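S.K.: Sharing a structure, written as structure tokens. Questions coming.
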Amino acid sequence: MQSSTAASATTIAALHAGAVSLDQAAALVIGQNIGTTATGLLAMPGAPAPAKRTAIANLLFKLVTGVIIFAIMPPFLRAMEWAVGVVGLGEPVVALALFHTAFNVFGAVIFLPLTRPFATAVERLLPDRGLALASALDESVSHVPEVALEAARRAIARTAAEELSLALDPVDPGARRASEVQGALDATRTFLTKLGSSAGFEHQQRRLVAALHALDHA
């Protein structure tokens with residue numbers, strides 16, 4: 001269920017042995033592409049919001065692509081058979097392998113132009129819980145200095161922008177927003193403190209010091 005590669009290899013063997021037809025094998029491949037999203041879904045409990053969104057986005061990508069391909073499967077599959085026949089590899093197993101690749105390419109072609117609205121929809125589906133300004137801070141990446149430093153930089157930039165917005169609003173300074181800013185600064189400071197010595201390379205240490213200076217100014 002978790003490996004579309006292993007399941008596809010089994011399906012190709014079954015097709016080669018004549019246990020299933022090409023149409024049945026193609027339907028199995030569609031299901032296997034959706035089933036492989038189980039890996040990400042199983043990792044969701046206890047994961048931070050960005051990780052959950054990635055798992056959901058993967059599921060939606062495979063599910064929508066699978067529904068579309070299933071709806072147009074007969075002509076789509078015939079096109080795969082024609083393509084392998086043109087290059088002189090008219091074996092059903094080759095057509096199935098091409099179908100498996102074309103499935104994901106087709107999905108990418110559909111979703112790439114819609115990346116931004118798709119990401120927005122997933123974010124609305126799974127909104128941030130807790131401090132939005134510090135949402136980039138993910139404890140699971142604290143052991144990867146480059147990623148952790150970039151996460152801290154983003155949190156500081158968002159917080160500083162919110163501070164400027166508060167400072168330029170003479171009517172409503174916003175006590176709640178000010179509290180969120182302070183909370184984000186505290187969370188970022190704690191995050192950077194935990195990072196500490198794991199930023200072992202010289203350029204990482206420079207970025208860490210720069211982030212701490214920026215945090216002090218904020």
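Condition check ((1) modelled with pLDDT of 85 or more; (2) at positive phi; (3) loosely packed, with under 12 Cβ neighbours inside 10 Å; (4) more than 29 Å from the chain's Cα centre (by Cα)) across all residues:
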residue	(1), (2), (3), (4)
173	no, no, yes, yes
177	no, no, no, yes
180	no, no, no, no
185	yes, no, no, no
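S.K.: With respect to the numbered conditions (1) in a helix (DSSP H, G or I); (2) closer than 30 Å to residue 151 by Cβ; (3) of a type outside the set (D, E, K, R); (4) open to solvent by 30 Å² or more (accessible area, probe 1.4 Å), which one is the sole condition not fulfilled by residue 34?
M.R.: In the conditions (1) in a helix (DSSP H, G or I); (2) closer than 30 Å to residue 151 by Cβ; (3) of a type outside the set (D, E, K, R); (4) open to solvent by 30 Å² or more (accessible area, probe 1.4 Å), residue 34 misses (2) alone.
S.K.: Within region 195-216, track down each residue that is out of contact with any helix residue (DSSP H, G or I) (no Cβ under 7 Å at 6 or more places or on another chain), modelled with pLDDT of 75 or more, in a helix (DSSP H, G or I) and closer than 13 Å to residue 146 by Cα.
M.R.: Those that are out of contact with any helix residue (DSSP H, G or I) (no Cβ under 7 Å at 6 or more places or on another chain), modelled with pLDDT of 75 or more, in a helix (DSSP H, G or I) and closer than 13 Å to residue 146 by Cα: 202, 203, 205, 206.
S.K.: Related question: Would you call residue 147 open to solvent by 50 Å² or more (accessible area, probe 1.4 Å) and either modelled with pLDDT of 80 or more or in contact with a His (Cβ under 7 Å, 6 or more places away or on another chain) (or both)? Spell out the reasoning first.
M.R.: Values: open to solvent by 50 Å² or more (accessible area, probe 1.4 Å): yes; either modelled with pLDDT of 80 or more or in contact with a His (Cβ under 7 Å, 6 or more places away or on another chain) (or both): yes.
Yes.
S.K.: Also: Looking only at region 68-92, count how many residues are aliphatic (A, V, I, L, M) and either in a loop (DSSP other than H, G, I, E, B) or at pLDDT below 85 (or both).
M.R.: Taking region 68-92 first, the residues aliphatic (A, V, I, L, M) are 68-69, 71-73, 77, 79-80, 83-84, 86-87, 89.
After this cut, where a residue has to be either in a loop (DSSP other than H, G, I, E, B) or at pLDDT below 85 (or both) as well, the list is 72, 77, 80, 83-84, 86-87, 89.
Of the residues in that region, 8 qualify.
S.K.: Tell me, which residue of region 37-56 that is of a type in the set (Val, Ile, Thr) and not in a loop (DSSP other than H, G, I, E, B) is surrounded by the most Cβ atoms within 10 Å (Cβ to Cβ)?
M.R.: Of all residues in region 37-56, those of a type in the set (Val, Ile, Thr) come to 37, 39, 54, 56.
Cutting the leftovers down to not in a loop (DSSP other than H, G, I, E, B) gives us 39, 54, 56.
Values: 39: 14, 54: 15, 56: 18.
For region 37-56, the residue satisfying everything is 56.
The values are calculated or read from the model by the stated rules, or taken from the named source; none is laboratory data. Because the structure is predicted, anything quoted here is derived from the model rather than measured. FYI the Cβ positions are ideal-geometry reconstructions off the backbone, even for glycines, and counts take in every protein chain you see. The area values use the complete protein model at the heavy-atom level, side chains included, leaving out ligands, DNA and RNA. Shrake-Rupley method; radii C 1.70, N 1.55, O 1.52, S 1.80 Å.
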